[in-house]
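Peer 1: Structure in structure tokens, see below.
The values are calculated or read from the model by the stated rules, or taken from the named source; none is laboratory data. Keep in mind it's a predicted model, so treat the numbers as computed, not measured. Don't worry about glycine lacking a Cβ; one is built from the backbone with ideal geometry, like all the others, and counts go over all protein chains shown. In case anyone asks, the SASA skips ligands and DNA or RNA and just uses the protein heavy atoms, side chains included. Shrake-Rupley method; radii C 1.70, N 1.55, O 1.52, S 1.80 Å.
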Number of protein chains: 2
Amino acid sequence: MASAFEMATAVARRPDSDDSRSVYDGAVAEGWDIGDVANGGYVMALAARAMADAAGRPPLSITAHYVSPGRGGPCVVEVEPVRVGRRMATMSARLAQGDREVIRVLGTFGEPPEPGAAVLATVAPPADLPSFDESSVMARFSPTATPSGLPHRLKMRIRPGDEGFAFEQPTGRAEVAGWFAFADQDDNDSIDAIGLLLAADAFFPPVFNAGITPGWVPTLELTVHVRATPVPGPIAARFHSDVIAGGLLSEDGELWDSAGTLVAQSRQLALMPR
Amino acid sequence: MASAFEMATAVARRPDSDDSRSVYDGAVAEGWDIGDVANGGYVMALAARAMADAAGRPPLSITAHYVSPGRGGPCVVEVEPVRVGRRMATMSARLAQGDREVIRVLGTFGEPPEPGAAVLATVAPPADLPSFDESSVMARFSPTATPSGLPHRLKMRIRPGDEGFAFEQPTGRAEVAGWFAFADQDDNDSIDAIGLLLAADAFFPPVFNAGITPGWVPTLELTVHVRATPVPGPIAARFHSDVIAGGLLSEDGELWDSAGTLVAQSRQLALMPR
């Protein structure tokens, strides 16, 4: 049976698509939003679903620029192949709702070329992140006046203390760590490369722990590198804003599968909370 | 007088360009190469020059996917506006030589929205990076059998010890720090946002210090966030590959102006040296 996420990112290729341009019909599903705006990782995943289909391969490095808010309702993803190689394919795409473009996306698709190669360097999960079961249930906190649907679609766990900002006790450090899983995920389900794109943008912004008044944090650009295929189980993650200046913030993420393998890295540039 | 870099990235907008598509003529200049292939930061800068002209603003976040090698000779940059807003403009571009596309680029252009805002978090230059004058002159080392032109265009300085790999004494840590300046740069010259794109890819790959046999490191994707406008002087930088696995490596960079302000962050995904 398809998961709720698979259904919410399903796309259908129009039969009149050709090799130079594939057009997919889909929908920005209701309930994957933060305060009425579709989550940025979710709309990236929706576009990536179409791009991966056209590429015949999963995303390896993908970048989205956010140009207008995604809202519940039909959308179209137009995919243009930039270069299709033996091992990798580069694809450009635009996701639009009516005349309004929501995101422009550029990505290279393919499997890591040597999945069994020696790991010469990696980043380990935070030593102080408890197991999924021992972490705190993430509050269904909405940074805006409007309730957010996304938290209800997910099973999120947080390193104890990281939600202090919600009780006027920010940690003082722009960081959050925790666990990501889908609400309908079973123990033997894995999160695939498309699911990792959502995981890369599903936690609350770590800048909230820097003592900033929480608010809407508009993402300008999000890049995700998928580095390995997760084993079954939830995804551990750490997000941190190391550069908060000039009215902009970076947000870097590292994501690990339940065996502790680094499966993705993300970085976004966003505007300060407003 | 225009600098060598300005001349090597000069583009001319065709008079028949219109608002929906601007076409620029330029050339991949000789001598900005690593072993006969134009440097990835240089070709990104060339595309960005055209995109910034069309946007009327400098790059803020820019991503290039590398689909074929840039070679000395004419090129065309086709720029398509994705969204032009009041403060920011998102642009897509392709740089091609004849029928062959070299890079596809996606970027958002604009100044940081609050340049004078308080710095709530930042990353400091490495404490053990000596001043420009006290650092080592970077060897004009070429990782390939063919000589590289790029090092002759630049004044590069390296943290002493970081070039150990060239003498079979790698530091064992995939990191390099140093200074970047153009060869024709005077003390009162500044490096602008376009120059930072080159600086983000001008050092030797830090993976060489992980004990890997140096070789050609093909970049799949490079993203640069420009975070501030540099004051006059050279650029300090640190590059590090924290995840080397699956036949791929990440390379993260932080760049500072001579006053110690973080002016850019970069990240690329590349194939292992071959």
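Peer 1: With an 8 Å Cα cut-off and a minimum separation of 6 or more residues, compute the relative contact order for chain B in percent. Walk me through the numbers before you get to the answer.
Peer 2: Numbers: 675 pairs, mean separation 48.7, N = 274.
Reported relative contact order: 18 percent.
Peer 1: Something else: When the Kirkwood radius is taken over all Cα pairs of chain B, what Stokes-Einstein diffusion coefficient follows at 37 °C and 0.692 mPa s, in µm²/s? Numbers along the way, then the final one.
Peer 2: Details: Rh = 18.8 Å.
The diffusion coefficient I find is 175 µm²/s.
Peer 1: Could you order A:VAL84, B:VAL231 by accessible surface area, starting with the largest, using a probe radius of 1.4 Å?
Peer 2: Working: A:VAL84 95, B:VAL231 60 Å².
Largest to smallest exposure gives the sequence A:VAL84, B:VAL231.
Peer 1: Cα extents of the protein assembly as shown along the three principal axes, largest first, in whole Å?
Peer 2: Principal-axis extents of the Cα atoms in the protein assembly as shown, largest first: 59, 52, 47 Å.
Peer 1: Add -39500 (n - 2.57) for each DSSP H run of 4 or more in chain B, then divide by its residues: what number comes out at 222 nm, to the nearest 500 deg cm²/dmol?
Peer 2: Values: 4 runs with 32 residues, N = 274.
The helix contribution divided over chain B gives -3000 deg cm²/dmol.
Peer 1: Between the DSSP loop rule and a limit of at most 14 other Cβ atoms within 10 Å, which trypsin sites (Lys or Arg not before Pro) in the stretch A:76-180 are left? Provide the component values of the computation, followed by the final result.
Peer 2: Values: sites: A:ARG83, A:ARG86, A:ARG87, A:ARG94, A:ARG100, A:ARG104, A:ARG140, A:ARG153, A:LYS155, A:ARG157, A:ARG173; in loops: A:ARG86, A:ARG87, A:ARG140, A:ARG173.
In loop regions of the stretch A:76-180 (DSSP not H, G, I, E or B), the sparsely surrounded trypsin sites (Lys or Arg not before Pro) are A:ARG86, A:ARG87, A:ARG140, A:ARG173.
Peer 1: Still on this model: Add +1 for every Lys or Arg and -1 for every Asp or Glu among the other residues with Cβ under 13 Å from the Cβ of A:ARG14, and state the total.
Peer 2: Result for the local shell: -3.
Peer 1: Can you list the distances in nanometres, one decimal and ascending, from the A:PRO130 label point to the identical position in each other copy, with the point 7 Å along Cα to Cβ?
Peer 2: Between copies, matching label points for A:PRO130 lie 5.0 nm apart.
Peer 1: Around A:ARG159, with a cut-off of 11 angstrom between Cβ atoms, what is the net charge of the other residues, counting Lys and Arg +1 and Asp and Glu -1? Could the numbers behind the result be given before it?
Peer 2: On the way: positive: A:ARG157, A:ARG238; negative: A:ASP128, A:GLU134, A:ASP162, A:GLU163, A:GLU175.
Summing Lys/Arg as +1 and Asp/Glu as -1 gives -3.
Peer 1: Now for a different question. Would you mind checking the tilt of helix A:40-55 against the longest principal axis of the Cα atoms of chain A, expressed as 0 to 90 degrees and rounded to 10?
Peer 2: So the helix axis and the longest Cα principal axis differ by about 30 degrees.
Peer 1: Stokes-Einstein D for the stretch B:91-244 at 37 °C, 0.692 mPa s, Kirkwood Rh over Cα pairs, in µm²/s?
Peer 2: 188
Peer 1: How shielded is A:240-253 by partner chains, expressed as the average number of their Cβ atoms within 10 Å of its Cβ atoms?
Peer 2: Details: counts 1, 2, 6, 12, 6, 13, 16, 8, 12, 3, 7, 0, 3, 0.
The mean count of partner-chain Cβ atoms within 10 Å per residue comes to 6.
Peer 1: Another question, if that's okay. Testing the spin-label approximation: label points 7 Å from Cα along Cα→Cβ at A:ARG71 and B:ALA118. State their distance in nm.
Peer 2: 3.6
Peer 1: What do you reckon, how do A:ASP25, A:ASP99 stack up by accessible area (1.4 Å probe), largest on top? Spell out each step's value before the answer.
Peer 2: Working: A:ASP25 60, A:ASP99 160 Å².
Output order, biggest surface exposure first: A:ASP99, A:ASP25.
Peer 1: Here's a follow-up. Viscosity 0.890 mPa s, temperature 25 °C: Stokes-Einstein D of the stretch B:173-244 from its Kirkwood Cα radius, in µm² per second? Each step should come with its number before you reach the end.
Peer 2: On the way: Rh = 13.6 Å.
The diffusion coefficient I find is 180 µm²/s.
Peer 1: Averaged over B:255-262, how many beta carbons belonging to a partner chain fall within 10 Å of each residue's beta carbon? Please list the in-between numbers first.
Peer 2: Working: counts 0, 0, 0, 0, 0, 0, 2, 5.
The per-residue average across the peptide is 1.
Peer 1: Then there is this: For the stretch B:85-159, compute the orientation-averaged projected area of the C-alpha convex hull (one quarter of its surface), in nm². Provide the component values of the computation, followed by the final result.
Peer 2: Values: hull surface 39.0 nm².
Taking the Cα atoms of the stretch B:85-159, their convex hull projects to 9.8 nm² on average.
Peer 1: Here's a follow-up. How far, in nm to one decimal, is B:ASP19 from itself in the other copies if the label point is set 7 angstrom along Cα toward Cβ? Shortest first, please.
Peer 2: 3.6
Peer 1: Which distances, shortest first and in nm, link B:THR213 to the matching position in the other copies, using label points set 7 Å out along Cα to C-beta?
Peer 2: Nearest to farthest, the other copies are at 6.1 nm.
Peer 1: Further question on the same structure: With a 10 Å radius around each residue's Cβ, average the other Cβ atoms per peptide and rank B:267-273, A:218-224, B:141-147, A:199-205, highest first.
Peer 2: On the way: B:267-273: 21.6, A:218-224: 23.1, B:141-147: 14.6, A:199-205: 26.7.
Sorting B:267-273, A:218-224, B:141-147, A:199-205 by mean packing, highest first, produces A:199-205, A:218-224, B:267-273, B:141-147.
Peer 1: Sticking with this one: Across peptide B:116-126, what mean number of C-beta atoms from other chains lies inside 10 Å of a residue's C-beta? Present the calculation step by step, with values, prior to reporting the outcome.
Peer 2: Numbers: counts 2, 6, 3, 4, 11, 14, 4, 3, 0, 0, 0.
Counting other chains' Cβ atoms within 10 Å and averaging over B:116-126 gives 4.
Peer 1: If you don't mind, another one. Any chance you could tell me what percent of the C-alpha pair distances in the stretch B:1-153 go past 17 Å? Before the final figure, lay out the partial values.
Peer 2: On the way: 7831 of 11628 pairs.
Tail of P(r) above 17 Å: 67 percent of Cα pairs.
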